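The values are calculated or read from the model by the stated rules, or taken from the named source; none is laboratory data. If you're wondering where the values come from, they're calculated on a predicted model, not measured in any experiment. Note: ideal-geometry Cβ built from the backbone for every residue, glycine included; neighbour counts use all protein chains shown. In case anyone asks, the SASA skips ligands and DNA or RNA and just uses the protein heavy atoms, side chains included. Shrake-Rupley method; radii C 1.70, N 1.55, O 1.52, S 1.80 Å.
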Amino acid sequence: SRAVSARVCQGRHPFEEAWAATMARILAILVGSGAIAWTFLDKRMNNAQAVFPWTLAVFAFVFAFVARPRSPSLKDREICEDDPPVPVPVVPRPVPARSEAEDSDEMPPKPSPREMPKPKDLNVEEEVADEVKKEDPGTFTCTEEEDNEWTIVEKSVDPTEMRLALWLRQRLRDMTGPGTDMARQPLELLRFLRACRGDVPEAAEMLRRSISWRGDRGIEEKHKSWTAELDAGSTPRAKKVLEHAVHAILGRDRLGLPVYIFRWSVFDIDGAEKTLGSEVVCQIILSIHEQVANELRRQALESGSVLPGALFIWDIGDYGKLGVPNWHKRMLALVRFLPRISSHIEANYPEVVRKIMVIRSSHMTKLLYRAASPFLPEGTLRKCRLYGWYAKEWRHELESEMPGVSIPGWLRCERKEDLANATPKGGIYV
C-alpha cells in the first residue's frame, strides 16, 4: 500500500506501465477461466459448492476489466499537495493566409481529377504535408475503368480526401506487377486511406504489406477454389462446413449490400479446428471477408457512389436446450480464437464492415467481451455495438437498416418456437 500511495503521490498509477497491466489482466483471465473449468470438470460438485468458483471467476473477470493503465485522476492529484504544477505548453497553430483567389468572387478553375495537386494546396496535417512535398507533382496514366472509378470517388468525397487519394496513387506508382491491381484501384486506395485517417505514408505502407500478404498466401486463388468447392459440396470438408454452418445472408440493407449473420453462439471452434485444421478455418473466415469486399466494390461501381461498408450481426446468446450444448466452453474457445483472425482482417480488409451488432449478450458474455477487448484491434472494437438478450433493444435499428426486408421471427421476439427455428443451426463437430 505504501508503494501504491507513493506512486499516486508522484502522479503515477500502479498499473501505469502497459506490461504490468497486461500481465495482471492475463493472470486474472487465467484464474477466471480455471475457476469456470473447475466447475465443469469436477463431477462431484453440487450447486452450493459451485458458488465459490463462479464468484471467483466473476471477480477475476471484473478485475481484468478494471486493471488497465490510466493517468491519475483529479482526486488522486488532490492528495499530493507537495507536487509542483506541471506546465502544459501551448503551441499556437499558424493561421493560413487567404489567397487572392479566395478573396475574390471568382472561383478558381476545378483541376482534373488525374492531375496531381501541388503540396502547398493540400489542407492536411503538417507532418503529412511534409511527406507529400517529397513527391514530384505530375500526372499518371490509368485505364478507362480506373478513370470511371476516379470519377465515382471524386463525386463521393471532399476535395481534400480526393487529393490525398491521388497522392497515395502517386506513391504506389512503382507497383505494376501481377497481383498489384489494388494499388491502382481508387476505391481500394480510399479504403486504406480512411483506415489510416488520411495519413498517406502510413496508408501506402499498409497497402504494400497487404498486397505482399495476399500474394504470399495466395488469397485470391484460395478464395476462388474454396468458393467452387463449397458450391459443389462434394468434398468431405465442404459437407462438414455446410452441415455446421454458422453464417448466412439475411438480405440487403438500405445501401444495397448483403447483411451477414454470424451465429457464434452455435459455433464449435475447437471441433472445427480439430476436424478441418486451423489453417482451413482461418481461410474460410478470410474467404467470407473476401466475398464481402468484392460485393462492396461491385455495388459501389453499380451505384456510382462510395459505400461505407457492410453490416454484420453477431449472435452470441446462450439458448440453453434450444441451442448447441457446452456454451461456456465454446465461448471461451471463441475468445481465444477471434484475436488471431481479427488482426489479419483489420490489416487487409479495412473499412469493409461499417457496423457489427452483437446481440443476445448476457452479463457473462459482456465480461468475456471486455476481457478480450485488449487483444482485439481498435478498429474492430469501434464498430461493435453490444445489445442485451431482448429483441426490443435492436429490432427498430435492424428494421431501419433493412427496410422492406422480412426479418426472421427469432430476431424480432423471444418466443421459444421462434428461437428453436433460429438459423443457421451450427452444431458440434464429430
Q) ARG209: over 24 Å from ILE407 (Cα atoms) and surrounded by 16 or more Cβ atoms within 10 Å (Cβ to Cβ), yes or no? A) no
**Q.** Residues of the stretch 150-169 that turn out to be touching a helix residue (DSSP H, G or I) at 6+ places or on another chain (Cβ under 8 Å) and either without any contact (Cβ under 8 Å) to a residue 60 or more places away in the chain or closer than 11 Å to LEU190 by Cα (or both), as a count
**A.** 12
**Q.** Condition check for VAL352: closer than 29 Å to VAL31 by Cα and either buried (at least 19 other Cβ atoms within 10 Å of the Cβ) or in contact with a helix residue (DSSP H, G or I) (Cβ under 7 Å, 6 or more places away or on another chain) (or both)
**A.** no
Q: Examine the stretch 150-163 for a residue that is assigned to a loop (DSSP other than H, G, I, E, B) and either of a type in the set (A, V, I, L, M) or at pLDDT below 90 (or both), and state whether such a residue exists.
A: yes
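Let's see how each residue does on (1) without any contact (Cβ under 8 Å) to a residue 60 or more places away in the chain; (2) open to solvent by less than 30 Å² (accessible area, probe 1.4 Å); (3) within 24 Å of LEU411 (Cα to Cα); (4) in a strand (DSSP E or B):
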| position | (1), (2), (3), (4) |
| --- | --- |
| ALA272 | no, yes, no, no |
| THR275 | no, no, no, no |
| GLU279 | yes, no, no, no |
| GLN283 | no, yes, no, no |
| LEU286 | no, yes, no, no |
| VAL292 | no, yes, yes, no |
| ARG297 | no, no, no, no |
| GLU302 | yes, no, no, no |
| GLY317 | no, yes, yes, no |
**Q.** Odd one out for LEU193 among (1) more than 20 Å from the chain's Cα centre (by Cα); (2) assigned to a helix (DSSP H, G or I); (3) not acidic (Asp, Glu)
**A.** (1)
Q: Please find, among ALA245, ALA310, ALA347, ALA238, the residue that is of a type in the set (A, V, I, L, M, F, W, C) and open to solvent by 40 Å² or more (accessible area, probe 1.4 Å).
A: ALA347
Q | ARG297, sole failed condition from (1) of a type in the set (Lys, Arg); (2) farther than 18 Å from PHE267 by Cβ; (3) in contact with a strand residue (DSSP E or B) (Cβ under 9 Å, 6 or more places away or on another chain) | A | (3)
